[in-house]
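Visitor: Mind having a look at this structure? Questions to follow.
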């Protein structure tokens with residue numbers, strides 16, 4: 001859910017709306033924000049599944065340190081979605097485990 | 001080659017850059033994020049202190065002011081740049097925004113990389129919907145996305161209390177703040193404002209489990225005795241979709257470990273802290289630390305320590321005279337002393353004393 | 001499973017609440033006579049945190065912190081005009097202005113407010129005490145945006161007089 005009319009912070013203005021896909025689903029995003037923010041705004045909190053126990057994982061530190069939020073972005077695996085910024089047309093996919101660099 | 005490489009552009013790093021560049025020092029300021037300012041931009045509350053500490057001004061506004069100062073000076077700012085190593089002969093190695101590996105030889109280095117949130121481990125803690133309090137704060141105050149609608153806050157230090165209040169401001173329902181110790185850790189005034197808006201605080205409680213299939217849907221809390229052991233039969237399950245962990249910060253000092261600097265464990269300052277003298281120089285010559293990495297305190301102390309490191313380097317490089325430096329350092333150290341007064345500040349002051357390396 | 005926590009909620013001192021008796025011991029906390037003179041500041045601050053913007057902002061010199069700035073602020077009731085400025089600058093949001101004798105039967109309590117939406121004037125609200133418990137009904141009579149308040153607005157709520165020492169927030 002995007003916050004509007006915050007009592008302290010002014011609404012962010014002049015942000016260009018873009019679209020990314022997350023596991024095939026079209027998600028609205030704003031230029032300048034990280035992928036994870038757009039996903040959270042769309043209610044998507046599961047970023048990946050662990051390889052051994054099939055556990056869902058998502059953001060934890062939200063600043064690029066814990067790597068729990070990694071996904072495959074435009075074919076590149078292990079991208080930290082809490083810091084990587086959205087680009088129009090970006091393709092974001094969940095990976096199981098560490099992803100495959102050979103692709 | 002750079003006179004002064006500063007790693008980490010939070011309040012300490014930016015203050016160091018301003019306070020050295022203004023005397024002519026050639027500064028390179030590096031940060032892995034796409035914006036400088038560190039945690040200042042997550043802070044929407046008004047700061048304490050005195051006028052010189054920007055009391056009454058909101059954290060993010062101080063962030064904007066510091067950045068304006070940098071723009072006026074000739075500081076080389078490298079953003080989206082990760083420093084992955086520093087060699088013993090002062091070569092700072094980094095990966096640029098465009099993904100190339102580069103390095104720069106530094107005359108002096110300031111490590112001002114801040115702090116990391118400490119996790120609390122419990123069953124289900126890896127589920128989506130469990131995150132650090134700072135993580136939730138960034139999501140709502142920087143990205144303007146509500147990280148959850150029903151929140152359980154773990155930890156009643158200032159971070160837990162303030163973030164709970166900010167979650168309510170952002171539109172979330174905070175079901176409660178739980179604290180394992182018998183009393184709250186943060187300021188009473190923060191607890192007061194959280195209580196009167198209807199958020200309960202439960203002391204001697206901890207989290208037992210986060211439940212939910214693909215993400216958090218409820219939390220089981222349990223009472224603890226004075227030895228922090230669970231009291232059977234006191235479990236309570238409450239609906240929530242966000243569990244924030246505010247269990248303290250520790251210095252983010254990986255680069256210091258890589259450099260083999262000397263450390264000391266100081267609980268009051270967050271954990272292992274690189275030892276430093278009262279001009280913030282570490283056990284290695286020409287390498288300084290400032291801000292939370294030098295001991296977890298506050299943004300105001302981070303700014304003052306950054307200034308102190310900046311003046312020290314400017315003096316060392318001959319850009320200001322010894323007597324001018326002496327006066328400036330005296331003023332800064334005096335302000336630091338004031339910030340470390342009182343029952344909260346005293347513990348930090350004692351911690352800092354234990355660190356001093358002659 | 002519940003929507004609200006049912007565990008044992010901490011008592012006031014563990015959970016950081018200062019009781020009224022503790023406040024009355026703070027030098028400068030207004031006496032009964034002080035309240036009869038008009039709106040007066042009530043500074044609910046009792047920890048030695050280095051902080052003094054309340055002293056700086058008061059142009060009547062009614063608040064003294066001095067040095068070191070960990071001193072508790074002391075109100076000089078005679079100098080206080082109830083101008084509301086200190087409410088807006090306090091980083092702890094712990095200053096209120098109490099107009100005990102607003103009318104024969106009611107008091108007007110000015111509180112800091114940093115939520116949206118702001119209530120409309122004359123809205124009927126549930127009045128809360130320091131623990132967030134509902135104690136009575138009240139009415140919003142003032143919604144004040146002082147110049148330079150930097151988003152800490154001031155709400156004046158009219159309440160039955162007997163609650164003037166306990167009413168500190170509202171819900172609507």
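Visitor: Taking all pairs of distinct Cα atoms, average 1/r, flip it, and tell me the Kirkwood hydrodynamic radius of chain A in Å to one decimal place.
Guide: Working: mean 1/r = 0.0706 Å⁻¹.
The answer is 14.2 Å.
Visitor: Here's a follow-up. Mind checking the mean number of beta-carbon atoms from other chains within 10 Å of the Cβ atoms in B:45-53? If you can, show how the numbers build up before the last one.
Guide: Details: counts 5, 12, 3, 9, 7, 9, 3, 0, 5.
Rounded to a whole number, the mean comes out at 6.
Visitor: Just grab the label-to-label distance for residue B:346 and residue B:260, each label 7 Å out from Cα along the Cβ direction, in nm (one decimal).
Guide: Each label point is offset 7 Å from its Cα along the Cβ direction, giving 4.1 nm.
Visitor: Right, next: Which order results if B:206, B:312 are arranged by neighbouring Cβ count within 10 Å, fewest first? Walk me through the numbers before you get to the answer.
Guide: Working: B:206 19, B:312 26.
Final ranking by Cβ density, sparse to dense: B:206, B:312.
Visitor: Of B:14, B:105, B:231, which is the most mobile in a GNM of chain B whose springs link Cα atoms less than 10 angstrom apart?
Guide: It is B:231.
Visitor: Per Stokes-Einstein, at 20 °C and 1.002 mPa s, what whole-number D in µm² s⁻¹ belongs to the stretch C:81-144, with the Kirkwood radius over Cα pairs as the hydrodynamic radius? Before the final figure, lay out the partial values.
Guide: Details: Rh = 13.0 Å.
Rounded, D is 165 µm²/s.
Visitor: Just counting partner chain Cβ atoms within 10 Å, what average do the residues of peptide B:161-174 show around their Cβ?
Guide: What the average comes to for B:161-174 is 3.
Visitor: Next question. If each residue's Cβ is checked for other Cβ atoms within 10 Å, how do B:288, C:113, A:40 rank with the fewest at the top?
Guide: Sorted ascending by nearby Cβ count, the order is C:113, A:40, B:288.
Visitor: Compute the relative contact order of chain C as a whole-number percentage, counting only Cα pairs closer than 8 Å that sit 6 or more residues apart in sequence.
Guide: Details: 342 pairs, mean separation 31.7, N = 172.
For chain C, the relative contact order is 18 percent.
Visitor: Kindly provide log₁₀ I(q)/I(0) values, in the same order as q = 0.20 Å⁻¹, from the Debye equation applied to equal alpha-carbon scatterers of the stretch B:227-355.
Guide: The Cα Debye sum returns log10 ratios of -1.15.
Visitor: Based solely on its DSSP helices, what 222 nm [θ] is calculated for chain B when runs of n ≥ 4 H residues each add -39,500 (n - 2.57) and the sum is averaged over all residues, nearest 500 deg cm²/dmol? Walk me through the numbers on the way to the answer.
Guide: On the way: 9 runs with 111 residues, N = 358.
Counting only the DSSP helices, I get -9500 deg cm²/dmol.
Visitor: Please give the calculated 222 nm ellipticity per residue for chain A, where each DSSP H segment of at least 4 residues contributes -39500 (n - 2.57) and the sum is spread over every residue; nearest 500 deg cm²/dmol?
Guide: Values: 1 runs with 7 residues, N = 103.
One gets -1500 deg cm²/dmol as the mean residue ellipticity at 222 nm.
Visitor: Something else about it: How shielded is A:40-46 by partner chains, expressed as the average number of their Cβ atoms within 10 Å of its Cβ atoms?
Guide: Numbers: counts 8, 5, 1, 1, 2, 11, 5.
Per residue, the number of nearby Cβ atoms from other chains is 5 on average.
Visitor: Relative to the longest principal Cα axis of chain B, at what angle does helix B:342-355 sit, 0 to 90 degrees, rounded to 10?
Guide: Here the helix axis deviates by roughly 50 degrees.
Visitor: With the cut-off at 30 Å, report for the protein assembly as shown the share of all Cα pairs above it, as a whole percent.
Guide: Values: 113391 of 200028 pairs.
Distances greater than 30 Å cover 57 percent of the Cα pairs.
Visitor: What number, in nm² with one decimal, is the all-direction average of the projected area of the convex hull of the alpha-carbon atoms of the stretch C:10-61? Intermediate results must be reported in sequence, preceding the final value.
Guide: Details: hull surface 19.4 nm².
Value for the stretch C:10-61: 4.8 nm².
Visitor: Please state the equivalent ellipsoid semi-axes for chain B: what are the square roots of 5 times the Cα gyration tensor eigenvalues, largest first, in whole Å? Could the numbers behind the result be given before it?
Guide: Numbers: eigenvalues 280, 89, 75 Å².
Its equivalent ellipsoid spans semi-axes of 37, 21, 19 Å.
Visitor: Counting only DSSP beta bridges with both residues in chain B, what percent are antiparallel, rounded to the nearest 5?
Guide: 50 percent
Visitor: To the nearest 500 deg cm²/dmol, what mean residue ellipticity at 222 nm is calculated for chain C from DSSP H runs of n ≥ 4 alone, each contributing -39,500 (n - 2.57), summed and divided by the residues?
Guide: Values: 4 runs with 20 residues, N = 172.
The per-residue figure over chain C is -2000 deg cm²/dmol.
Visitor: Using only alpha carbons, build the gyration tensor for the stretch B:116-160 and give me the equivalent ellipsoid semi-axes, biggest first, whole Å.
Guide: Details: eigenvalues 60, 36, 20 Å².
Taking √(5λ) for each eigenvalue gives 17, 13, 10 Å, largest first.
Visitor: If I build a Gaussian network model for chain B, linking alpha-carbon pairs within less than 10 angstrom, which residue out of B:151, B:175, B:25 has the largest mean-square fluctuation?
Guide: Result for chain B, Cα springs under 10 Å: B:175 fluctuates most.
Visitor: Once the Cα atoms of the stretch C:37-123 are picked out, what are the Rg and Dmax in Å?
Guide: According to the Cα coordinates of the stretch C:37-123, Rg and Dmax are 13.9, 43 Å.
Visitor: Please give the helix B:322-339 orientation as an angle from the longest Cα principal axis of chain B, in degrees from 0 to 90, rounded to the nearest 10.
Guide: 10 degrees
Visitor: From the C-alpha coordinates alone, can you work out the Kirkwood hydrodynamic radius of the stretch C:20-171, in Å?
Guide: Details: mean 1/r = 0.0644 Å⁻¹.
After inverting the pairwise mean of 1/r, the radius is 15.5 Å.
Visitor: For chain B, take the longest principal axis of its alpha carbons; what is the angle in degrees between that and the long axis of helix B:11-21, to the nearest 10 within 0 to 90?
Guide: With both axes taken from Cα atoms, the answer is about 10 degrees.
Visitor: Also, quick follow-up: How long is the stretch B:11-151 along each principal axis, judged by its Cα atoms, biggest number first, in Å?
Guide: Largest first, the stretch B:11-151 extends 51, 39, 25 Å along its Cα principal axes.
Visitor: Sticking with this structure for a sec: Treat the count of other C-beta atoms within 10 Å as a stand-in for reagent exposure and order C:80, A:61 from fewest to most.
Guide: Values: C:80 24, A:61 20.
Starting with the residue having the fewest Cβ neighbours, the order is A:61, C:80.
Visitor: GNM on chain A, C-alpha springs below 10 Å: top fluctuator among A:86, A:22, A:46?
Guide: Taking springs between Cα atoms under 10 Å, the residue moving most is A:46.
Laboratory data are not the source of any read-out in this text; all were calculated from the coordinates shown. Given the structure is predicted, the values throughout are model-derived calculations rather than measurements. Cβ: placed from backbone, ideal geometry, glycine included. Neighbour counts: every protein chain shown.
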